[in-house]
1. So how much accessible area does W327 have, in Å² to the nearest 10, using a 1.4 Å probe?
2. So for the pair K211, S79, with labels modelled 7 Å out along Cα→Cβ, what separation do we get in nm?
3. Non-local amide H neighbours of T200 (under 5 Å, H modeled in plane, Pro and chain starts lacking H): which ones?
4. Report the calculated FRET efficiency for D112 and E201 (r = Cβ-Cβ distance, R0 = 41 Å), to the nearest 0.05.
5. Taking 7 Å along the Cα-to-C-beta vector as the label spot, tell me the T310-E262 distance in nanometres, rounded to one decimal.
6. Between D67 and L289, what's the calculated FRET efficiency when r is the beta-carbon distance and R0 is 35 Å? Round to 0.05.
7. Excluding E262 itself, what net charge comes from residues whose Cβ is under 11 Å from its Cβ, given Lys and Arg +1 and Asp and Glu -1?
8. Which value, in Å² and to the nearest 10, is the accessible area of E315 when all protein chains are kept and the probe is 1.4 Å?
Amino acid sequence: MMTTRERWTRRAAAALTVVALTATAACGSDSGGGGGGDSDPVILEALDSTGDAPFTDSVAGDVALSDEAAAVADDAGHSGQVDGTTPGLYGGTNDNAACDQAALAEFLSSDDEKAEAWAEVAGVEAGEVGDYLAALTPVVLTRDTAVINHGFENGKATPFPAILQAGSAVLVDANGTPRVRCACGNPLTVPEDDLDVADTEGDEWDGYDPKSVIGVTPAPEPVDELTLIDPTTGETIQRPTGPIPTPPVDGAYPWAGGPIPEWSQPATVIKPAQESYESDEALVTTPTLNISCRFSARHGQCGVSSWWETLPYGEDEHAGPNTDVRWPDEGQGVPVVGTSGGAPGRPDPAAQVLQYGQVAHFGDYVCASEENGLTCWNAATGHGAFINRDGFAAF
């Protein structure tokens, strides 16, 4: 059975063709379908502008590219035609902070005329717009990008060629193609003909250079994840495409409690079985080395170094501070706070460092590292915990 994402991808694929850019002269026809033609100047759209005739109010979030993130994007040197799934083409986070799809769906559902016009551009039925939007992924552009934008005028979606400023929030499909501009709710498509990026209309922003404008080529096949630039740190993160589930507890990795994610990588540091324990163990730690965990086929345990000083769960007069979270044998039940006996309460220098945005698994155990903490769970039972300096929340 096809997933929702696959269904939307196949419906829209026929409408997506490759853009070619030129800074000298337009080569397209005056067909009016999407290339803009010789008579249509390309509209420059700054990231904070709603433009003319927007479909809706802005649903863009407060996600901005830091100097560090912009520098990483510049170093990548993307130019010309770029495959939509190219690592680092977009910035983003593992949530929906860049763009509120639900708000956009609500806007459109309240106006039948707009919903019909919007859906026609997207290649879906008006009643399916909400599901279609939920299957898209919020990101921010790291380069000035050529698109065909569609405003709403006289009851219809009106196409016009545009260049969106780097930093603009968009929704992309599983082929990495921009499909929605979040600042105005407008649907986007790929230009069918060459765009004359030297023939523009509108104010240029600081740093604008027509030679640096890119076009996005839809990837030949949909992907399960995109490699994004964290807009704050400039680090790369793996962002699953499509909708974000509700995390089992506040702050936890959204996919926690479910099966091993397709984008999870096998743990790389495995400690062979010895007399003191009966099976191999995977060793992982966070970038700050504050949380260190070990997982065997039947047991998991994480120790938090900072808890030795802060004592969020007190201490046992005989065993010492409660610094660990343990999963019982065979991964059954909810993790509990335990003492440091046997757990890596102090960082193991040999452990695999899970960088922020990385997910690793060993047996049924999965750990996801993010800046706000570490989430580990048993994929067979669904039980796990979100752990950070302040404490832990079991699920």
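1. Using a 1.4 Å probe on the heavy atoms, I get roughly 0 Å².
2. In this crude label model, K211 to S79 measures out at 0.7 nm.
3. Answer set, sorted by chain and number: V42.
4. Computed FRET efficiency for D112 and E201 comes out at 0.80.
5. 3.6 nm
6. 0.85
7. Net charge around E262: -2.
8. E315 exposes around 110 Å² with every protein chain in place.
The values are calculated or read from the model by the stated rules, or taken from the named source; none is laboratory data. Fair warning: this is a prediction, and the values are worked out from it, not measured in the lab. Methodologically, a virtual Cβ is constructed for each residue, glycine included, from the backbone with ideal geometry; neighbour enumeration extends over all protein chains shown. These area figures cover heavy atoms from the full protein model, side chains too; ligands, DNA and RNA do not enter into them. Shrake-Rupley method; radii C 1.70, N 1.55, O 1.52, S 1.80 Å.
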